[in-house]
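Below you'll find the structure, written out as structure tokens, and then a few comments.
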Amino acid sequence: MEQQQPILQGKNLVKRYGRVTALDHCDFELYPGEILAVIGDNGAGKSTLIKAVSGAVVPDAGEVFLEGKRVNFSSPLDAREHGIETVYQQLAMSPALSIADNMFMGRELRKPGIMGKWLRQLDRPAMEAFAREKLNELGLMTIQNIRQAVETLSGGQRQGVAVARAAAFGSKVIILDEPTAALGVKESRRVLELINDVKSRGQPIVLISHNMPHVFEIADRIHIHRLGKRLCVIRPQDYSMNDAVAFMTGAKEPPQEALAA
Amino acid sequence: MAKTAASGDDYESALAQSSTKVAEFEDTRTGFVHKFQHALHLNPSLVPLIVLLLSIALFGALLGSKFFSPFALTLILQQVQIVGIVAAAQSLVILTAGIDLSVGAIMVLSSVVMGQFTFRYGIPAPISIGAGLACGTACGFVNGFLVARMKLPPFIVTLGMWQIVLASNFLYSGNATIRAQDIAAEAPLLHLFGAKINIGGAVLTVGVLFMVGLVLLLSYVLRHTAWGRHVYAVGDDKDAAELSGVQTDRVLISVYMLSGLICAFAGWALIGRIGSVSPTSGQLANIESITAVVIGGISLFGGRGSILGTLFGALIVGVFTLGLRLLGADAQWTYLLIGILIIAAVAVDQWIRKVSV
Ligand SMILES: Nc1ncnc2c1ncn2[C@@H]1O[C@H](COP(=O)(O)OP(=O)(O)O)[C@@H](O)[C@H]1O
Ligand SMILES: [Mg+2]
């Protein structure tokens, strides 16, 4: 895999918030078709890292490459138009709007013919049918709910909608920042299955999670993040969960060969 | 799921036997109050509509045909047309969780530009009107740019613009009024919005029709177009909207520009309503428009409410004003009741929001 070209890559990324350095010359690579888990303590800079490669924050320094080409995303919309779909940790949803409106935010479907072209009317039936199908795929909810406002959903259901949105639209890369944090056991399992589905379609995924059993079960490689940079990358079959937690918290020095990876 | 059981960790293995039925969310809360609350949540303009109908019925009962006549009822429409148009602009801005204190000033400056261009420079009225509309839109652009790009609070930006625009209005016009007779003789197009249409006792003006048409159009746009959904999304949670792919800066700038343009139309309608072009007119438009928006049930926190509610809100104020006047009550009673309505409307807004939790 090391000979392959990364599909998404960050080099020397730096992001400072005032006196806090959230990203400190951090590297990142995601290879085609893989599930890359990113683990690290709270505040290690995981979310900032994925925001920097998905356009939500513009890094102070460093470069981002998509399929080997240098890109400068200035907004999440930018990254999305390049096929990178992200579920952010703070769930980007508009509470008062419906599930369908939220799923299609910024990429709405318009009615065919005059109604769409001249009156720019939204094609609600098509949007609702699509949203319903995607949510059913995720086993998350029944049909009558598709018009309800997102604020009337539980935290877990909202997360389900966000994951379904990313899975439905991500064409090159899907990034999930703690997608199962608010989910129950069963829904978390569905999300893992969905991640495997997406992988079997050949799409690579970045998964940030604190759930070590899930990470070790599903990831091809694990990026361990510490103090704003990548500490090392390990393969789940080579190390135990205890080792990973020890590296992550600084209790144990990372192995030399993993540092190079 | 079998894979989980194999991987050793146990708590998930029970999932293999779990029901495959998809989750269902039955609403077990019943009862009239809850249903009503839910209906209001879906249709936030229902409250002002009910209040409007009740107040018409009340004054109708008290005053009989003096109030309950096509003439009196359409007189209310004429009296609220300016505030109604300006309140439509205000609604858009408040839906984005902003506020526009400069609406009245932009309206007056635009009307002054229309008048002065025609009479001071002898420019043909249609072009002068176009210049007035452009002037309003430009003022709106400045507001929108400062709010969206410079990230300044809308209250401060529009408070400043209110003063700037109003002062420019006085400086530019030299405090001079353009008389109604001159306008009627030389540039009757400026009076277009005042043109009356009689239908069996009912008197409608072009301005009234414009107000109603504008509100219906905006209501369609807000509900059924992507731009409209984005206006709500920006008002609801701007950061979330940005992350989900809304070009929030553009939406904000377009909203303030549209607000400015609508205010300029209100300026044109103002000439039709008062006859002359007066730089001192329309001073209360901003506070009256905010009142209509709030009574109409649009949340000052943004993202919630419907523009139809604003129209009802403006009409409620009009009904109280005319009704109390016909009853011979002191005008202060109107202000007192409107004050109560404002506070009640906000209380209802808070109550409706509770449906979400
Ligand atoms: N918008 C922000 N403003 C200021 N500081 C921030 C902001 N976002 C993140 N940080 C800081 O950057 C550091 C990394 O945060 P984050 O990337 O969210 O970590 P993680 O996702 O690993 O928990 C933290 O110290 C956090 O306080
Ligand atoms: Mg995080």
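The values are calculated or read from the model by the stated rules, or taken from the named source; none is laboratory data. Predicted, not measured: the structure shown is a model, and the values here were computed from it. Every residue, glycine as well, gets a Cβ built from its backbone with ideal geometry; the counts of neighbours run over all protein chains shown. These area figures cover heavy atoms from the full protein model, side chains too; ligands, DNA and RNA do not enter into them. Shrake-Rupley method; radii C 1.70, N 1.55, O 1.52, S 1.80 Å.
Please enumerate the residues belonging to the range A:6-50 that are in a loop (DSSP other than H, G, I, E, B), more than 14 Å from ligand 2 (Cβ to nearest atom) and in contact with a strand residue (DSSP E or B) (Cβ under 6 Å, 6 or more places away or on another chain).
A:Pro6, A:Ile7, listed by residue number.
Test A:Pro95 against the criterion of being more than 11 Å from every other protein chain (Cβ to nearest Cβ) and in contact with an Asp or Glu (Cβ under 9 Å, 6 or more places away or on another chain), and give yes or no.
When the stated conditions are applied, A:Pro95 does not pass them.
State which residue pairs qualify: first residue over 17 Å from A:Gln237 (Cβ atoms) and touching a residue at least 40 places away in the same chain (Cβ under 8 Å) and inside the range A:31-51, second residue part of a helix (DSSP H, G or I) and more than 8 Å from ligand 2 (Cβ to nearest atom) in any location, beta carbons under 6 Å apart, and separation of 6 or more residues or different chains.
Final answer for the pair search is A:Gly40/A:Met248.
Residue by residue through the range A:217-232, note down the ones that are away from ligand 2 (no atom under 16 Å from the Cβ) and farther than 17 Å from A:Gly33 by Cα.
Answer for the range A:217-232, where residues must be away from ligand 2 (no atom under 16 Å from the Cβ) and farther than 17 Å from A:Gly33 by Cα: A:Leu231, A:Cys232.
Looking only at helices (runs of 4 or more DSSP H) that lie completely in the range B:237-321, which have at least 3 residues being at pLDDT 95 or above?
B:248-274, B:285-295
Hey, among A:Ala162, A:Ala129, A:Ala168, which residue is within 16 Å of ligand 2 (Cβ to nearest atom), under 15 Å from A:Asn102 (Cα atoms), part of a helix (DSSP H, G or I) and of a type in the set (Gly, Ala, Ser)?
Result: A:Ala162 is the single residue among A:Ala162, A:Ala129, A:Ala168 that is within 16 Å of ligand 2 (Cβ to nearest atom), under 15 Å from A:Asn102 (Cα atoms), part of a helix (DSSP H, G or I) and of a type in the set (Gly, Ala, Ser).
Restricting attention to the range B:214-248, which residues are open to solvent by less than 40 Å² (accessible area, probe 1.4 Å), under 30 Å from B:His191 (Cβ atoms) and free of Cβ contacts under 8 Å to residues at least 24 places away in the same chain?
If the condition is that a residue be open to solvent by less than 40 Å² (accessible area, probe 1.4 Å), under 30 Å from B:His191 (Cβ atoms) and free of Cβ contacts under 8 Å to residues at least 24 places away in the same chain, then B:Val221 is the only one that fits.
Quick one: A:Gly228 ticks every box in (1) of a type in the set (Gly, Ala, Ser); (2) modelled with pLDDT under 95; (3) away from ligand 1 (no atom under 16 Å from the Cβ) except a single one, so which number is it?
(3)
From (1) away from ligand 1 (no atom under 16 Å from the Cβ); (2) in contact (Cβ under 8 Å) with a residue 40 or more places away in the chain; (3) within 16 Å of A:Val206 (Cβ to Cβ), pick out the condition that doesn't hold for A:Glu63.
All conditions are met except number (3).
Do you know which residues across the range B:37-57 are closer than 27 Å to B:Gly201 by Cβ and in contact (Cβ under 8 Å) with a residue 12 or more places away in the chain?
Those that are closer than 27 Å to B:Gly201 by Cβ and in contact (Cβ under 8 Å) with a residue 12 or more places away in the chain: B:Pro48, B:Leu49, B:Val51, B:Leu52, B:Ser55, B:Ile56.
What single numbered condition from (1) aliphatic (A, V, I, L, M); (2) in a helix (DSSP H, G or I); (3) under 23 Å from B:Arg229 (Cβ atoms) fails to hold for B:Ala347?
(3)
For the range A:112-126, name all the residues that are facing another protein chain (nearest Cβ under 9 Å), in a loop (DSSP other than H, G, I, E, B) and not polar (S, T, N, Q).
Listed by number, the residues that qualify are A:Leu119, A:Arg120.
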